[in-house]
Amino acid sequence: MPVVAAAVCPHPPLLVPEVASGAAPELDDLRTACLAAVDALSTASTIVVIGSAAPAVPYGLVRFPAAAGGSFAAYGAPGVRIGSGDPVLPLSLAIGGWLLEQSKATGLPRTYVAVPTSATPDECLGLGREIAAGNDRVGLLVMGDGSARRSEHSPVHLHPRAEIFDTTVANALQHSDLDVLAALDPDLATELQAAGRAPWQVLAGALEGATLTPDLTYNAAPYGVGYLVAAFT
């Protein structure tokens with residue numbers, strides 16, 4: 001059965017108010033957009049959370065059950081965690097789980113899949129097709145940041161192609177242009193430190209044949225990192 005709903009969100013730890021502390025209101029609009037997109041997944045019967053992980057993670061082998069834990073202790077919020085198991089989830093999946101816990105989809109069964117940043121486009125597309133080929137009504141939560149080189153105040157210094165890259169992805173999400181997402185260059189994404197490349201290409205594979213309506217609800221770089229939110233319903 002095709003994916004029945006999908007949400008695309010970024011994964012800055014500052015989405016968690018306890019991490020952001022006094023700066024939390026600065027991301028209220030982003031937080032609201034993320035939660036609205038994730039709420040739309042409540043029409044599914046099961047949730048698959050896709051996020052990026054370190055390049056050394058073997059492709060297709062890192063799947064975590066619903067109980068897998070995620071902790072924000074490394075970001076200054078030791079009291080915030082998700083799951084009942086050991087905190088093994090990478091940041092992208094931990095933020096995805098945290099968003100689900102705040103949403104209307106919180107009670108649905110879920111699994112987490114970590115996709116290495118080194119995964120090829122064909123591997124990512126294949127994983128997306130595999131997810132969509134099951135019998136469940138799948139809600140797909142795709143976690144990925146745009147370029148971390150959007151301004152002089154970015155985590156890494158400004159790159160002249162960063163904004164163009166993020167705009168290309170934003171337009172592809174807005175118009176559900178799966179071919180553009182599938183064609184994203186892994187080498188350029190690595191250079192631009194765009195962690196969302198692999199998860200977005202999983203989305204492209206999963207939505208092949210689906211007839212969902214896209215809605216890009218957030219597109220900004222408040223801290224020099226591109227953050228995109230989109231819902232497919």
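The values are calculated or read from the model by the stated rules, or taken from the named source; none is laboratory data. All values reported here derive from a predicted model rather than from experimental measurement. Heads up, the Cβs are rebuilt from the backbone with ideal geometry, glycines too, and the neighbour counts pull from every protein chain shown. What goes into the accessible areas is simple: the full protein's heavy atoms, side chains included, and nothing from ligands, DNA or RNA. Shrake-Rupley method; radii C 1.70, N 1.55, O 1.52, S 1.80 Å.
Averaged per residue, what accessible area in Å² does segment 105-160 show with a 1.4 Å probe, protein chains only?
Roughly 43 Å² per residue, with all protein chains present.
With θ set to phi - 60° and the Karplus curve 6.51 cos²θ - 1.76 cosθ + 1.60, what are the ³J(HN,Hα) couplings of segment 179-190 in order, to the nearest whole Hz, using x for Gly and Pro?
Working through the residues one at a time gives 5, 5, 4, 5, 8, 4, 7, x, 5, 5, 4, 5 Hz.
From Cα pairs below 8 angstrom and at least 6 apart in sequence, can you work out the relative contact order of the chain, rounded to a whole percent?
Once divided by the residue count of the chain, the mean separation gives 30 percent.
What is the packing order of peptides 10-19, 42-51, taking the mean over residues of other C-beta atoms within 10 Å and listing the highest first?
In decreasing order of mean packing, 10-19, 42-51 become 42-51, 10-19.
Based on alpha-carbon centroids, what's the gap between segment 52-124 and segment 212-232 in Å, whole number please?
Distance between centres, Cα-based: 20 Å.
Could you tell me which of rounded, prolate or oblate describes segment 138-180, using a ≥ b ≥ c as the square roots of the eigenvalues of the alpha-carbon gyration tensor, with rounded for a/c under 1.5 and, failing that, prolate when a/b is larger than b/c and oblate otherwise?
Cα axes put segment 138-180 in the oblate bin.
Where q = 0.18 Å⁻¹, what log10 of I(q)/I(0) comes from the Debye formula for segment 1-116, counting one point per Cα?
Taken in order of the listed q values, log10 I(q)/I(0) reads -0.93.
If the chain were replaced by its equivalent ellipsoid, with semi-axes equal to the square roots of 5 times the Cα gyration tensor eigenvalues, what would those be, largest first, whole Å?
23, 22, 17
How far apart, in nm, are the 7 Å Cα→Cβ label points at S21 and A74?
It is 1.9 nm.
Would you mind pulling out the separation of the Cα centroids of segment 26-50 and segment 143-192, in Å?
About 21 Å separates the Cα centre of segment 26-50 from the one of segment 143-192.
Leaving ligands, DNA and RNA out of it, report the carbon-plus-sulfur percent of the accessible area of the chain at a 1.4 Å probe.
54
When DSSP assigns beta bridges and you keep just the ones with both residues in the chain, what percent turn out antiparallel, to the nearest 5?
DSSP beta bridges in the chain are roughly 45 percent antiparallel.
Starting from the alpha-carbon convex hull of segment 69-203, give the projected area averaged over all orientations, in nm².
Averaging across all directions leaves 9.5 nm² for the Cα convex hull.
Report the label-to-label distance for D177 and T190 in nanometres (one decimal), using points 7 Å from each Cα along the Cα→Cβ vector.
2.6
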